[in-house]
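Single-structure report; data block below.
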Amino acid sequence: MKKIRSDELEKDFFEPEEPTELPQVSSLLKEIKEKGDRAIRELTQRYDRVYLKKFEVSPKERRQAYSKVGKDLVSSLKKAARNIKKFSQKQLENYREFEYEMEPGVITGQKIFPLQSVGVYVPGGRYPLFSSLLMGVIPARTAGVNEIHVCSPPSQKETLDPAILVASDMAGVDSLYKMGGVQAVGAFAYGTQSVPRVDKIVGPGNKYVNAAKKSVWGVVDIDFTAGPTEVMIIADEQAHPVYVAADLIAQAEHDSEAFPLLVTDSNIVASKVEENIEKQLKELRVSSVAKESLDNNGLILFVRNMEEAVGLANKRAPEHLELQVKNPQDYLPFLKNYGSLFLGPYSAEVLGDYSSGLNHILPTHFASRYTGGLGVKDFLKIQTYLKVKEKGFLRIAPVARFMAEAEGMEGHANSIRVRMKDNPSF
């Protein structure tokens, strides 16, 4: 891992890069919109090297997959699903309908409706992320979404990982499709002969999936476009180097472009973390991806004190932020920008990935400056209404008329004047 002092950081360390343009994505989406199933089939054969007669996995196939998944994993999936549901239900409690009389005769209100249909993208490939299926589906179901459809790239055996099938059955998805990449996003955005059009697409994916999601935004809603995973661990002299090293490796194994970052005011901790990274990499059966990520992107950043570390975290806005420090709770009020926060030595980020109930579909690359992670809120519409009585009209109509006239919006002002002329009491 590269070592650097905070005062040596380049300005661009705190500046988001422009996303890479992928012009071919637009042409692929156009092809999907025009040809439907035929395009999905052709593109799946081209990119996934598999020809599919049908895309949907039947409910029977999903149920049969339990026999191919170990009992311990099934049990773990059930426990994880239960915690995700419990946390989602707690989130839902914080969204309420209300009616409020702002002034006498001026009644405002808020209604909350779930989305009608959602498409959840689940990455496949080297790591079939069945955990992401639970993270995408359960909050949507808790919010009350009526139709939940899931897709994931097929293997060359024309199948999906059995654990994805089990997770989909456990979470109660309405349909599961063997399709990935741009073709999956296009199918959900435009609909095909076999795949329904949805109102929103959520879930992590590679740069092509993200580019496609960005392109179809407006046709459908999306959660956000998440890039390679990030973890920032703030560690003082109280930190446990073995734990810190393990957590850096855990995120590094996701992707060769992952960004593992240690921020510390202790040379001793930094050295011990490096030693433990080297030791654990030799002992673990992790892929070479983890070492590549740590070597190429890993960074140890030295700060003068923990207050400076907090300031850097707020500017960098990491996806995952760990506090491996004395009294981590003391820093909670001062940290503003992160996808998810992990406080103390036993709050391993991996627990957020799987079993704590928190959602692991999180904003990356500075996006936590303006959004949080996926949750129940992403599947709800908050809509307002207004009821004005005569006495209320008299209170607020002149304000609206004067403002409309000042803006030169004569039609707006007239909408008020005709009502005032029509009622002698005004």
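In table form, for the structure just shown:
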item	result
Criterion: of a type outside the set (Lys, Arg), touching a Leu at 6+ places or on another chain (Cβ under 9 Å) and outside the structural domain of residue 177 (by TED's automatic domain parsing) - qualifying residue of 4, 32, 107	4
Single residue of 330, 378 found to be over 24 Å from residue 254 (Cα atoms), in contact with an Asp or Glu (Cβ under 8 Å, 6 or more places away or on another chain), assigned to a helix (DSSP H, G or I) and acidic (Asp, Glu)	378
Qualifying residue in the range 76-88 (condition: aliphatic (A, V, I, L, M), touching an Asp or Glu at 6+ places or on another chain (Cβ under 7 Å) and not assigned by TED's automatic domain parsing to the domain that holds residue 273)	no
Residue check, residue 380 within 37 Å of the chain's Cα centre (by Cα), of a type outside the set (Asp, Glu) and surrounded by 12 or more Cβ atoms within 10 Å (Cβ to Cβ)	yes
Members of the range 142-162 found to be in a helix (DSSP H, G or I) and surrounded by fewer than 22 Cβ atoms within 10 Å (Cβ to Cβ), listed by number	142, 162
Any hit, the range 32-40, residues being under 30 Å from residue 295 (Cβ atoms), part of a helix (DSSP H, G or I) and touching a helix residue (DSSP H, G or I) at 6+ places or on another chain (Cβ under 8 Å)	no
First in the range 180-203 and closer than 12 Å to residue 43 by Cα and touching a residue at least 40 places away in the same chain (Cβ under 8 Å), second anywhere and of a type in the set (D, E, K, R) and surrounded by fewer than 19 Cβ atoms within 10 Å (Cβ to Cβ), Cβ under 7 Å, 6 or more apart	186/33
Verdict on residue 385 being surrounded by fewer than 17 Cβ atoms within 10 Å (Cβ to Cβ), modelled with pLDDT of 95 or more, outside any helix (DSSP H, G or I) and not assigned by TED's automatic domain parsing to the domain that holds residue 257	yes
Residue 209 vs. criteria over 22 Å from the mean Cα position of the chain (by Cα), crowded, with 23+ Cβ neighbours inside 10 Å and outside any strand (DSSP E or B)	no
Hits in the range 68-104 (condition: loosely packed, with under 11 Cβ neighbours inside 10 Å and assigned to a strand (DSSP E or B))	98, 100
Test: residue in the range 279-289 that is under 23 Å from the mean Cα position of the chain (by Cα), part of a loop (DSSP other than H, G, I, E, B), modelled with pLDDT under 95 and not basic (Lys, Arg)	no
Selection count where residues are over 9 Å from residue 212 (Cβ atoms) and either aliphatic (A, V, I, L, M) or touching a Cys at 6+ places or on another chain (Cβ under 9 Å) (or both), scope the range 17-32	1
Qualifying residue in the range 134-144 (condition: among the basic types (Lys, Arg) and closer than 25 Å to residue 190 by Cα)	yes
Residue within the range 342-352 that is out of contact with any Asp or Glu (no Cβ under 7 Å at 6 or more places or on another chain), without any contact (Cβ under 8 Å) to a residue 24 or more places away in the chain and assigned to a helix (DSSP H, G or I) present	yes
Tally, over the range 212-226, of residues that are surrounded by fewer than 24 Cβ atoms within 10 Å (Cβ to Cβ), small (Gly, Ala, Ser) and in contact (Cβ under 8 Å) with a residue 12 or more places away in the chain	2
Residue 60 being modelled with pLDDT under 95 and assigned by TED's automatic domain parsing to the domain that holds residue 195	yes
The range 168-196: number of residues that are assigned to a helix (DSSP H, G or I), closer than 17 Å to residue 213 by Cα and either in contact with an Asp or Glu (Cβ under 6 Å, 6 or more places away or on another chain) or not polar (S, T, N, Q) (or both)	9
Matching option when the condition is within 28 Å of the chain's Cα centre (by Cα), part of a helix (DSSP H, G or I) and buried (at least 19 other Cβ atoms within 10 Å of the Cβ), among 309, 270	309
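The values are calculated or read from the model by the stated rules, or taken from the named source; none is laboratory data. Since the structure is predicted, the reported quantities are computational estimates derived from the model, not experimental observations. Glycine also receives a Cβ, built like all others from the backbone with ideal geometry; neighbour counts cover every protein chain displayed.
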